[in-house]
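Novice: Below is one structure. I have some questions about it.
No lab work stands behind these numbers, since they all come straight from the coordinates. Computed from a predicted model, the values in this text were never measured in an experiment. Quick reminder, even Gly has a Cβ in these numbers, built from the backbone with ideal geometry, and neighbours come from all protein chains shown.
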Protein chains: 2
Amino acid sequence: MKSDELFALLRRRGVLWPTAEIYGGAQGLYDYGPLGAALKRRVEQAWTAWFVGLSHDYYVIDPAEILPEAVVRASGHLENFTDPEVSCENCHSAFRADTILEKIRPEGVDGLTTAEIAEIVHARGVKCPNCGSPALSVPRPFNLMFGFDFGVTGRERVYLRPETAQSSYLAFPRMWDVGRRALPLGIAVVGKAYRNEIAPRQVLFRMRAFTQSELQIFFDPEHFPLPFERLRDETLPVVRAAQRLAGSENVELTTAGDLVSSGGLPEFYAFHLAHSYRFFRDVLGFPARRLRLLEKSDQERAFYNRIQFDIEADLESLGGFRELGAVHYRGDYDLGRHGQGSGRDLAVTLTGGRTVLPHVLELTSGPDRSLWALADLHLGHDGDRTVWHLPAYLAPVLAGVFPLIPKAHAAYALHLADDLAAAGIPVQYDDAGTIGKRYARMDEAGTPFCVTVDGETLTEGPNRDTVTLRERDSRSQSRVPVADLGGRLATAARFPRPSRT
Amino acid sequence: MKSDELFALLRRRGVLWPTAEIYGGAQGLYDYGPLGAALKRRVEQAWTAWFVGLSHDYYVIDPAEILPEAVVRASGHLENFTDPEVSCENCHSAFRADTILEKIRPEGVDGLTTAEIAEIVHARGVKCPNCGSPALSVPRPFNLMFGFDFGVTGRERVYLRPETAQSSYLAFPRMWDVGRRALPLGIAVVGKAYRNEIAPRQVLFRMRAFTQSELQIFFDPEHFPLPFERLRDETLPVVRAAQRLAGSENVELTTAGDLVSSGGLPEFYAFHLAHSYRFFRDVLGFPARRLRLLEKSDQERAFYNRIQFDIEADLESLGGFRELGAVHYRGDYDLGRHGQGSGRDLAVTLTGGRTVLPHVLELTSGPDRSLWALADLHLGHDGDRTVWHLPAYLAPVLAGVFPLIPKAHAAYALHLADDLAAAGIPVQYDDAGTIGKRYARMDEAGTPFCVTVDGETLTEGPNRDTVTLRERDSRSQSRVPVADLGGRLATAARFPRPSRT
């Protein structure tokens, strides 16, 4: 589906809609409705099970989204978290420089100074994409952070965090004291980040308020113990930076082991790249052929990232590959900066007496983007049906519970729905319309199972206390004892986890 | 425990700490560590199960925290969401007027104009609480919202929402279209709200960024069907507004039924007041004698609230009763204002053809405050032990899993911990120190169960594949088959829910 069509479907179904819709909306902000809120939560939980489940020493914290100015000064965001912006002096529209130069310079403007961008705009006679006027301003660096006054004095300035990572770096010394005082130590945050994007677009792909799921692994650069064997033979669809500089974006299938032995990547990096890739392929269920791991070149990546691969999915709605997540080897940049900024030495002393400033490996992804990709890749027309083929453990509603004839079977069905809900299983009761219509609504919502209570359920005989269980994908129906239902659904709701033992 | 002692304990244990601690913190902002994040999440989930579980037509949504100016203008926050602020012209400290007048006027300053407050400050010769100077400014209304520029033009202004409720009001028309088009319709949000408090204090009780759990029930004022019988005989510790105006704050024990028959409250209000009270008593487990339902007078409550009771707990750490939640009957104020503000008529047509502008009943509580109250009321010294007597379903860690002798039993214990985690049960593996020390750590973290793998677990014989299960509160120990453990823990993790059938 095209982006517009997909968004219209999701909006109609109450998955998401623009914030303050009745006031005309707010650019780059979206509200999740019941299905969207539940799906996003399930994606976040699946992420947590998969990544935080990597070690008993990885933890989830929940820090505030507001940061004092000293923090974003130390992190470099106050000075450097900018996009070059060009505005039209005729119609007052504002554009990102890379957008305005999209056709002339498809490789983007990363690494160019504002003067160099101005030179290109001038030399090529670029016009305003909105009104066609040639009166474009000189590009200026536009800081993407939302900043505001804090307290009553007017002298204290704070910022909505532009990335959750900063919260984890700030928490490191406290977490070191609270925990086992050993490396690697993982700190995960699933929370909001905010960016005043010059041009929000592509619905959930460039929002001004969005969620990040990020795990920061603090490790000893001399020793990162991990079970590399487990992922050595994993086949990865890779595009290396050198190959891209040579003009090819072709995916090369290679193994994690080869990335180390002949590809020059450290084991710890290849291991986590493979693990991250598996999240999108095996947990979110995206087809391998729609995924690629794209290495960023020196020029493209932030200067503090020593190695960066983006994990991208090929999305029909957005016309090509888009970033869903990334693996950033950030070295000791972050703890070094915050050590300087706060005046507190953030190095730690390991068992054995060696003192080390931990390095950081960041595993990041965006649940909003994942949700959109789940719609793009799994939601579609299947003959005359619209079916959302979500993995069962991600489904907002795991089972629809229906009385075949509401008047006769509602009490039993309601009771069953309540029992399942009490066991923590997300169910939805529905008694409106024909069974066919109810199946159709559940198919569209991604519900993998439907349970129907009928006359046989209530009548003495071989089918007493059994229900019809219908599966979304196969449309197969079978008779299942009510007593088995909870266990069966609970098993289907389990998130995949990395094996550790 | 006193507030300072309790906070020190929670901080040391990694439950929470000030945001940007290494930079000296930020007033009114806190980060939750692993235990705090998990506990807060459990409290939110318990709230959702209890309140959203009231009806199949109540839904959870997840809207953006940023609101366009038109929204907060229509809601009245732009004009009225202020506290009177007094600043010292000598030391530049700023104070809320009610704080500065605390001793002279313990009943607060609600309903007074800034001129009247100025008159009192002047007449009584009030001095700066910080430096003692009499040079206090004239009080000014200080708006508590955080506002900032949105987009690049400098012409668009947005605000961090001061309450989650506004997001639900904005969502109402979309939810009406998506859902069954019937009343009552419930919209719940568990999310952040932000207030630039003049004087943040009492740790989690007056924060600048905090979470609200709010259910907005949109209903037909002529007909709100509910099973009142179920709560008619519930005994409630009530302090009525009339009684307070007459000078008494004594709790009167009365039933929900009496509040209707002789107390003048509508059934729908008394029902939800009793249900909300039960959340704190039966779900969070607070002793009834530490709770009260305090009715707000005409002067105290916001003018659009037709009826308001606050649910308060008596907290040793904060020196008395503090608000944990409330039940607000807001009438048709909110949909009326947003109808005017957006130019869209928000009335709905019911089956039968009658058109009605729904009224709103708001059930609100704060998970941050609940978390603090859970510490105040359930965490304490028990002889030489420090024990957090959390209800099992709220515990951040439901079970500690230990190998008796790490070298011999670690593999089995790790495997068991992973199996339980895979079933969605929050467990923590611990092999550090003596079993006694591990029990003590779990007691302090509120973990209700500890499971120890020992030699018998691994050896052929009657206790093969059994473990020692130790209960926190009774300290009793018993031998339990590993095969039974998952089911037993899963049952303990179930949240209480309202009966519906």
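Novice: Taking neighbour Cβ counts within 10 Å as the exposure measure, how do A:V251, B:V327 sort from fewest upward? All intermediate terms of the calculation are to be shown ahead of the outcome.
Specialist: On the way: A:V251 18, B:V327 25.
Fewest-to-most Cβ neighbours within 10 Å comes out as A:V251, B:V327.
Novice: Please work out which residue of chain B brings its Cβ closest to the axis of the rotation superposing B onto A, and round that distance to whole Å.
Specialist: Residue plus distance in Å, as requested: B:F148, 2.
Novice: What are the residues whose amide H is under 5 Å from the amide H of B:V453, where those residues sit 5 or more places off or on another chain and H is modelled from the backbone?
Specialist: B:F402, B:L404
Novice: For segment A:219-289 and segment B:270-311, compute the distance between their C-alpha centroids and round to whole Å.
Specialist: Result: 56 Å between the Cα centres.
Novice: In percent, how large is the relative contact order of chain A, given Cα pairs closer than 8 Å and 6 or more residues apart? Before the final figure, lay out each step's value.
Specialist: Numbers: 908 pairs, mean separation 69.7, N = 501.
Worked out over chain A, it gives 14 percent.
Novice: Which entries in the list B:K40/B:K296; A:K40/A:K192; A:K40/B:K40; B:K40/B:K437; A:K407/A:K437 go over 24 Å, if you measure between the two C-alpha atoms of each?
Specialist: Those over the limit are B:K40/B:K296; B:K40/B:K437.
Novice: Work out the mean other chain Cβ neighbour count within 10 Å for the residues of A:151-161 and drop it here as an integer.
Specialist: 4
Novice: With charges only on Cβ, +1 for K and R and -1 for D and E, what is the dipole size of segment B:286-410 about its Cα centre, in debye, rounded to 20?
Specialist: My answer is approximately 320 debye.
Novice: Restrict the search to segment A:295-327; then list the chymotrypsin sites (Phe, Trp or Tyr not before Pro) that DSSP places in a loop and that have at most 12 other Cβ atoms within 10 Å of their Cβ. Write out the running numbers ahead of the final one.
Specialist: Details: sites: A:F303, A:Y304, A:F309, A:F321; in loops: A:F303, A:Y304.
Answer in residue order: A:F303.
Novice: While we're here: Just to confirm the numbers: B:T113, label point 7 angstrom along the Cα-Cβ line, distances to the other copies in nm, shortest first?
Specialist: Label-point distances to the other copies, shortest first: 6.0 nm.
Novice: Calculate how large, on average over all directions, the projected area of the Cα convex hull of segment A:258-356 is; give the answer in nm² to one decimal.
Specialist: Taking the Cα atoms of segment A:258-356, their convex hull projects to 9.6 nm² on average.
Novice: Using θ = phi - 60° and the Karplus curve 6.51 cos²θ - 1.76 cosθ + 1.60, what whole-Hz ³J(HN,Hα) does each residue of segment A:45-51 get, with Gly and Pro shown as x?
Specialist: 5, 5, 4, 4, 4, 6, 9
Novice: May I ask you to give the average projected area over all directions of the convex hull of the Cα atoms of segment B:363-501, in nm² rounded to one decimal? Provide the component values of the computation, followed by the final result.
Specialist: Working: hull surface 42.1 nm².
Result: a mean projected hull area of 10.5 nm².
Novice: Next up: To the nearest 10 degrees, how steeply does helix A:165-178 sit against the main Cα axis of chain A, on a 0 to 90 scale?
Specialist: That works out to roughly 80 degrees.
Novice: How high is the relative contact order of segment A:136-275, in percent, counting Cα pairs under 8 Å that sit 6 or more residues apart?
Specialist: Dividing the mean separation by the residue count of segment A:136-275 yields 17 percent.
Novice: Work out the mean other chain Cβ neighbour count within 10 Å for the residues of A:171-182 and drop it here as an integer.
Specialist: 4
Novice: Using only Cα atoms and rounding to the nearest 10 degrees, what angle (0 to 90) does helix A:482-492 make with the longest principal axis of chain A?
Specialist: Around 20 degrees separate the two axes.
Novice: If we hang a label 7 Å off Cα along the beta carbon direction at B:E156, how far is it from the matching labels on the other copies, in nm, shortest first?
Specialist: 3.0
Novice: May I pose another question? To one decimal in nm, how far is B:S478 from the same spot in the other copies, if labels go 7 Å from Cα toward Cβ? Please give the shortest first.
Specialist: 3.5
Novice: Does segment A:356-413 come out rounded, prolate or oblate by the C-alpha gyration tensor, with a ≥ b ≥ c the root eigenvalues, rounded set by a/c under 1.5 and, if not, prolate when a/b is larger than b/c and oblate if not?
Specialist: Oblate.
Novice: What is the helix-to-structure angle for A:435-445, meaning the angle in degrees between its Cα long axis and the longest Cα principal axis of chain A, kept from 0 to 90 and rounded to the nearest 10?
Specialist: Tilt of helix A:435-445: around 20 degrees.
Novice: Let me ask another. Among rounded, prolate and oblate, which fits the protein assembly as shown when a ≥ b ≥ c are the square roots of the eigenvalues of its C-alpha gyration tensor, a/c under 1.5 means rounded, and a/b larger than b/c means prolate? Working shown, then result.
Specialist: On the way: a/c = 1.22, a/b = 1.07, b/c = 1.13.
Rounded, since a/c falls under 1.5.
Novice: Mind putting a number on the dipole of segment B:41-160 about its Cα centre? Charges go on the C-beta only, +1 for Lys and Arg and -1 for Asp and Glu, and I need it in Debye to the nearest 20.
Specialist: Approximately 320 debye in magnitude.
Novice: Right, next: For chain A, what proportion of DSSP beta bridges, expressed in % and rounded to the nearest 5, is antiparallel?
Specialist: Taking every DSSP beta bridge with both residues in chain A, the antiparallel ones total about 85 percent.
Novice: In addition: Calculate, in nm to one decimal, what B:H92 and B:V138 gain on full extension: separation in residues at 0.36 nm each, minus their alpha carbon distance.
Specialist: 15.2 nm
Novice: Starting from the 7 Å offset along Cα-to-Cβ, what nm value, one decimal, do you get for the label separation of B:R479 and B:S55?
Specialist: For B:R479 paired with B:S55, the spin-label model returns 5.4 nm.
Novice: How charged is the neighbourhood of B:R232? Take every other residue with its Cβ under 11 Å from the Cβ of B:R232, and add Lys/Arg as +1 and Asp/Glu as -1.
Specialist: Working: positive: B:R230; negative: B:E229, B:D233, B:E234, B:D258, B:E267.
Once positives and negatives cancel, what remains is -4.
Novice: Let me ask something additional. What does the highest-first list of A:452-460, A:268-276, B:154-162, B:214-222 look like by mean Cβ count within 10 Å?
Specialist: A:268-276, B:214-222, B:154-162, A:452-460
Novice: For B:V401, A:V138, B:V387, what's the fewest-to-most ordering of other Cβ within 10 Å of each Cβ?
Specialist: With the fewest neighbours first, B:V401, A:V138, B:V387 line up as A:V138, B:V387, B:V401.
Novice: Taking +1 at the Cβ of each Lys and Arg and -1 at the Cβ of each Asp and Glu, which of A:Q428, A:L489, A:T447 sits farthest along the dipole of chain A towards its positive end, judged by Cα position relative to the Cα centre?
Specialist: The one lying farthest along the dipole's positive direction is A:Q428.
Novice: Could you list A:E85, A:E323 in order of exposure, starting from the residue whose Cβ has the fewest other Cβ atoms within 10 Å?
Specialist: Result, fewest neighbours first: A:E323, A:E85.
Novice: To continue, here is another question. Which of rounded, prolate or oblate describes segment B:179-325 when judged by the alpha-carbon gyration tensor and an a/c cut-off of 1.5?
Specialist: Cα axes put segment B:179-325 in the oblate bin.
Novice: I'd like the isolated cysteines in chain A, meaning no second cysteine's beta-carbon lies under 4.7 angstrom from theirs.
Specialist: A:C450
Novice: Right, next: Return the lysines within reach of A:K127: Cα separation strictly under 23 angstrom, same-chain partners fewer than 8 residues apart disregarded; answer none if there are no such residues.
Specialist: A:K103
Novice: Still on this structure, I have one more. Could you compute the net charge surrounding A:T114? Neighbours are other residues with a C-beta less than 11 Å from the C-beta of A:T114; K and R count +1, D and E count -1.
Specialist: Charge balance near A:T114 sits at -3.
Novice: Suppose we look only past 39 Å in the calculated P(r) of chain A. What percent of the Cα-Cα pairs does that tail hold? List each step's numbers first, then the result.
Specialist: On the way: 41183 of 125250 pairs.
So the pairs more than 39 Å apart make up 33 percent of the total in chain A.
Novice: Provide the FRET efficiency to the nearest 0.05 for the B:K407-A:A242 pair, computing r from the beta carbons and using R0 = 60 Å.
Specialist: Efficiency at R0 = 60 Å is approximately 0.80.
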